[in-house]
1. Name the pairs: first residue in the stretch 24-49 and within 17 Å of residue 3 (Cα to Cα) and touching a residue at least 24 places away in the same chain (Cβ under 8 Å), second residue open to solvent by 50 Å² or more (accessible area, probe 1.4 Å) and part of a helix (DSSP H, G or I), Cβ to Cβ under 8 Å, at least 6 apart or on different chains?
2. So which residues in the stretch 159-192 are in a strand (DSSP E or B) and either open to solvent by 10 Å² or more (accessible area, probe 1.4 Å) or within 21 Å of residue 52 (Cα to Cα) (or both)?
3. For the stretch 28-44, indicate whether the set of residues that are of a type in the set (Asp, Glu) and either surrounded by 17 or more Cβ atoms within 10 Å (Cβ to Cβ) or under 28 Å from residue 177 (Cβ atoms) (or both) is non-empty.
4. So which strands (runs of 3 or more DSSP E) stay within the stretch 53-158 end to end and still have 1 or more residues that are modelled with pLDDT of 95 or more and open to solvent by 50 Å² or more (accessible area, probe 1.4 Å)?
5. Please find, among 176, 181, 152, the residue that is over 10 Å from the mean Cα position of the chain (by Cα) and free of Cβ contacts under 8 Å to residues at least 40 places away in the same chain.
6. Look at the stretch 14-73 and say how many of its residues are among the basic types (Lys, Arg) and under 16 Å from the mean Cα position of the chain (by Cα).
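The values are calculated or read from the model by the stated rules, or taken from the named source; none is laboratory data. Bear in mind that the values here come from a model prediction, so they are computed numbers and not experimental data. With ideal geometry, Cβ positions are generated from the backbone for all residues, glycine too; neighbour counts draw on all protein chains shown. We work out accessible area using only protein heavy atoms, side chains counted, and drop any ligands, DNA or RNA first. Shrake-Rupley method; radii C 1.70, N 1.55, O 1.52, S 1.80 Å.
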Amino acid sequence: MPLTQYYLDSNNEAVKKFYGKIEIEHASAFLYFNKKGMVQELIHNLKYKGNEEIGTVLGNWYVEDLKNIQLKTPFSAVIPVPLHQKKFRERGYNQVTTFGNALAKGLNIGYDDSILFRKKYSKTQSKKNLLGRSEGIENVFDVNYSEQNRNKHFLLVDDVLTTGATLEACSRALLKIPGVKISIVCMAMANS
C-alpha cells in the first residue's frame with residue numbers, strides 16, 4: 001500500500017494545500033492516490049459499489065498512526081464532509097461515514113454528522129478538472145450548531161484530497177462556530 005506517512009511531518013503536502021487559505025491544526029492523508037492505481041480502485045469500490053467496510057478497515061489502520069501525532073488541543077469530534085440529501089438518496093450512504101466512525105471509535109471521541117451540511121447539490125467532483133473543482137464551492141456548505149459546539153477541535157474527514165477546495169469550504173463553514181479549531185484527515189491524497 002502506498003502509505004504517505006504524513007502524520008509524521010507537521011509540514012507535509014496535505015498541510016501545504018491550505019497555506020494562506022485557512023488555519024488548521026493538522027492535515028494528513030493516509031494513502032497516495034494515483035489514477036488507475038490500487039487506491040483508486042479501493043476508493044471507487046467504497047464510493048460507488050457499496051463496499052463500506054473499506055472505510056472501516058482504512059480508518060482502523062490509520063487511527064493507530066493518528067494516536068501518535070502531537071496536538072496542542074485534542075480532537076473533540078469527527079465531522080464528515082457531508083453529501084447533499086439528493087446525492088445521499090442516490091448513493092444510499094456517505095462514503096466517509098465508516099472511515100470517520102472508525103477514527104472516532106479509535107480516538108475515543110464523538111462522530112457528528114449533524115453540524116455540517118451541504119446546502120447546494122453539485123455534480124461529482126471526480127469528473128471535474130482542477131479549475132472546475134475550485135469554482136463555485138465556497139457557498140455550498142453551512143453549519144447548524146449549539147453552544148456545546150463552541151471551542152471544539154473538529155477532525156474533518158473526506159475520501160480524497162485533490163485541490164483542497166471542498167475541505168476549505170467545509171472548514172470555512174465550521175469556523176463560523178466561535179472558538180473552533182479544525183484538523184483534516186483524508187483516506188488518500190492525489191499525487192500532484
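1. Listed by first residue and then by second, the contacts come to 30/61; 33/40; 34/40.
2. 159, 160, 161, 181, 184, 185, 186, 187, 188, 189, 190
3. Looking through the stretch 28-44, none of the residues is of a type in the set (Asp, Glu) and either surrounded by 17 or more Cβ atoms within 10 Å (Cβ to Cβ) or under 28 Å from residue 177 (Cβ atoms) (or both).
4. Passing ranges, in order: 116-118.
5. Sole residue among the options that is over 10 Å from the mean Cα position of the chain (by Cα) and free of Cβ contacts under 8 Å to residues at least 40 places away in the same chain: 176.
6. The total comes to 3.
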